[in-house]
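Q: Here it is, the structure in full.
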Amino acid sequence: MKEVKISIGKEPYSLYIGTNLLEDIDSLLSSHISEKSVFVIIDENVLNYYEEKIIKPLKNNTSKLSYYIVQSGEKNKSIKTYQSIMEKLIDNKYNRNSVIIAIGGGVVGDMAGFVASTYMRGIDIIHIPTTLLAQVDSSIGGKTGINYSRFKNLIGTFYHPKFVVIDTNTLNTLPNREYKAAFGEIIKYGMLADYTILLDLEKNFEEYISRSINLDNIILKCIQIKEEIVMRDETDLGVRKILNLGHTFAHGIESTTEFSKLFHGEAVALGLLIVSKLSFNLKLITEDYYKFIHKLIKKYFNNIFPVSINTDELVNAMVMDKKNKCNDITFILPLGKEKTKVCNNISIETIKNTILEANNEYSCK
Ligand code: NAD
Ligand code: GLY
């Protein structure tokens, strides 16, 4: 097991990464949970696989333990789920000294973080991310949130955990499509801050896809990039915006497909393809770089995305993006290896033409 200090927020926190950490989860968490009332927010599929391993040991160490099962899927990152979790916390008399433990992917992490940050104005939370995407990205950095109506992450807070436990063995039960989706965010980190990640993904494609490579390195690289950026801009007013590379399109696509066609990481991969095309059309990146990015993404995402995009609907959805200024849509544009810029003044015509081209090239249906 390795312990890494994450220096974000008022209090730095520890991130533990290794294998078989769940085997000993009660002693790893004991200083934070013993004699406390603990409320677990857990993904339904994760509960099926890990109930014996996690819930039972936690029961031995706490003064009270209940849990809420979040139904799987982005659609459930909703106000309805939030409300019903709140009701359970109130019914079971959880208080300011209680601790929430979030166990699942980014959906559960974002939801549980939002619950923890708002219940009684904030109670402690510990994240146990169980998808590769949550391990490389969403479990650190403090963004919490839920989708509202058609809008992605429209309601949320910044709120940091007490600590994070990454047991990479949990990935053994993660289905292939869910596992591969994470490479959308991993490629994002490579594009914005570390070209060697992209070379590594290209070289070791078979090993990554067959999961025959140790993932600690790539997880830690992504986390360290995120930490370094979030340390400089915790609340997304400046440099943190670059972590949204590909996300203006991705969030719009998720919203127009009612959060039900693509996993978030797949939408990010598609967003990275379209935004690279946009940069290429604007002559901001070379043809070689554009082709390299395209080839890599298409390799990890089997060449095709099971979604067709309605150009007008996508543009309308992007108008509501949180990063926007005035009436312009804000994009993070790649400028080449490890270089990006925030851009607000791209004409709607150029955006629409790029979406049309992308739709013809990458989508089926
Ligand atoms: P997810 O939480 O929906 O999980 C994907 C699927 O995997 C679900 O069906 C879940 O039931 C299943 N699952 C989870 N762990 C499993 C395991 N160990 N074994 C078997 N099945 C398992 O999706 P995700 O990709 O983890 O997260 C996406 C979410 O994260 C999006 O809502 C996105 O907006 C958010 N996100 C947040 C941040 C942030 O900084 N807060 C960053 C990136 C993404
Ligand atoms: N996922 C983007 C961020 O954390 O800022």
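The values are calculated or read from the model by the stated rules, or taken from the named source; none is laboratory data. Keep in mind that what you see is a predicted model, and the values were worked out from it rather than measured. Cβ atoms come from the backbone with ideal geometry, glycine included; neighbour counts cover every protein chain shown. Accessible surface areas use protein heavy atoms only, side chains included; no ligands, DNA or RNA. Shrake-Rupley method; radii C 1.70, N 1.55, O 1.52, S 1.80 Å.
Q: Per residue, how much accessible surface does region 1-74 expose to a 1.4 Å probe? Answer in Å², no decimals.
A: Accessible area per residue, region 1-74: 51 Å².
Q: Amide H neighbours of VAL40 under 5 Å, at least 5 residues apart or on other chains, H built in the peptide plane: list them.
A: So VAL40 has HN proximity to SER66, TYR67, TYR68, ILE101.
Q: Hey, any idea what % of region 46-156's accessible area is carbon plus sulfur with a 1.4 Å probe?
A: Here carbon and sulfur together make up 47 percent of the probe-accessible area.
Q: Here's another thing I want to ask about it. Using only the alpha-carbon atoms of region 197-290, report the extent along each of the three principal axes, biggest first, to the nearest angstrom.
A: 35, 34, 30
Q: Follow-up. Counting only Cα atoms, I'd like the Rg/Rh figure for region 31-88, Kirkwood definition for Rh. Working shown, then result.
A: Details: Rg = 12.5 Å, Rh = 12.4 Å.
The Rg/Rh ratio comes out at 1.01.
Q: Here's something else I'd like to know. On average, how much accessible surface per residue is there in region 314-365, in Å², for a 1.4 Å probe, leaving out ligands, DNA and RNA?
A: 55 Å²
Q: Give a quick list of chymotrypsin sites (Phe, Trp or Tyr not before Pro) in region 145-186 that DSSP marks as loop, anything other than H, G, I, E or B, with at most 16 other Cβ atoms within 10 Å.
A: none
Q: So what are the ³J(HN,Hα) numbers for region 161-175, from phi and the Karplus equation (6.51, -1.76, 1.60; θ = phi - 60°), rounded to whole Hz, Gly and Pro as x?
A: Along region 161-175, the couplings run x, 7, 6, 10, 10, 10, 9, 5, 5, 4, 6, 4, 9, 6, x Hz.
Q: Which number do you get for Rg(Cα) / (2.2 N^0.38 Å) in the chain? Before the final figure, lay out the partial values.
A: On the way: Rg = 20.0 Å, N = 365, 2.2 N^0.38 = 20.7 Å.
Here the answer is 0.97, to two decimals.
Q: How large is the helix-only mean residue ellipticity at 222 nm for the chain, computed as the sum of -39500 (n - 2.57) over DSSP H runs with n ≥ 4, divided by its residue count, in deg cm²/dmol to the nearest 500? Mind showing how you got there, number by number?
A: On the way: 14 runs with 163 residues, N = 365.
Mean residue ellipticity, 222 nm, calculated: -13500 deg cm²/dmol.
Q: To continue, here is another question. Cut-off 10 angstrom, C-alpha nodes, Gaussian network model of the chain. Which of GLY104, GLY246, GLY18 fluctuates the most?
A: With Cα springs under 10 Å in the chain, the top fluctuation among GLY104, GLY246, GLY18 is at GLY18.
Q: Follow-up. For region 101-208, what number results from the quotient of the Cα radius of gyration and 2.2 N^0.38 Å?
A: For region 101-208, the normalised Cα radius of gyration comes out at 1.16.
Q: Next up: For the chain, give the share of DSSP beta bridges that are antiparallel, in percent and rounded to the nearest 5; count only bridges with both residues there.
A: For the chain, the DSSP antiparallel bridge percentage is about 35.
Q: Can you give the angle from 0 to 90° between the axis of helix 348-362 and the longest principal axis of the chain, with both taken from C-alpha atoms, to the nearest 10?
A: Tilt relative to the chain: about 80 degrees.
Q: Another one. Where does the Debye-calculated log10 I(q)/I(0) of region 1-75 sit at q = 0.17, 0.28 Å⁻¹, using only Cα point scatterers of equal weight, no solvent?
A: Normalising to I(0) and taking log10 leaves -0.81, -1.20.
Q: Hey, got the Cα dimensions of region 205-257 along the principal axes, in Å, largest first?
A: 38, 33, 12
Q: What number in nm² do you get for region 126-185 if you take the convex hull of its Cα atoms and divide its surface by four?
A: On the way: hull surface 18.9 nm².
Across all orientations, region 126-185 yields a mean hull projection of 4.7 nm².
Q: Three principal axis extents, largest first, for the C-alpha atoms of region 154-255, in Å?
A: Computed over region 154-255, the largest-to-smallest principal extents equal 39, 29, 29 Å.
Q: Write down the Å³ per residue value for the convex hull defined by the alpha carbon atoms of region 28-151. Write down the numbers at each step before the final one.
A: Numbers: hull volume 12.8 nm³, N = 124.
Dividing the Cα hull volume of region 28-151 by its residues yields 103 Å³.
Q: Which loop GluC sites (Glu not before Pro) in region 279-365, with loop taken from DSSP, have no more than 16 other Cβ atoms within 10 angstrom of their Cβ?
A: Those satisfying the criteria are GLU338.
Q: Gaussian network model of the chain, Cα springs within a sub-10 Å range: biggest mean-square fluctuation belongs to which of LEU89, LEU237, LEU65?
A: LEU237
Q: Roughly speaking, what % of Cα-Cα pairs in region 238-365 are separated by over 22 Å, rounded to a whole number?
A: On the way: 2174 of 8128 pairs.
In whole percent, the long-distance tail amounts to 27.
Q: For ILE6, which sequence-distant residues (separation of 5 or more, or a different chain) have an amide H within less than 5 Å of its own amide H, given hydrogens modelled in the peptide plane?
A: Correct list: TYR13, SER14, LEU15.
Q: Given H placed on each backbone N at 1.01 Å, which residues far from PHE163 in sequence or on other chains put an amide H within less than 5 Å of it?
A: HIS127
Q: Quick one: net charge of TYR159's neighbours, Cβ under 13 Å, K/R +1, D/E -1? The partial results should precede the final answer.
A: Details: positive: LYS10, ARG121, LYS143, LYS162; negative: GLU11, ASP110, ASP124, GLU234.
Once positives and negatives cancel, what remains is 0.
Q: How much of the accessible area of region 157-241, probe 1.4 Å, is carbon plus sulfur, in whole percent? Intermediate results must be reported in sequence, preceding the final value.
A: Working: 1710 of 3410 Å².
Carbon and sulfur atoms account for 50 percent of the accessible area of region 157-241.
Q: Can you pull out the GluC sites (Glu not before Pro) in region 1-74 that DSSP calls coil and that have at most 13 other Cβ atoms within 10 Å? Walk me through the numbers before you get to the answer.
A: Values: sites: GLU3, GLU23, GLU35, GLU44, GLU51, GLU52, GLU74; in loops: GLU35.
Here the GluC sites (Glu not before Pro) that fit, given the DSSP loop and packing criteria, are GLU35.
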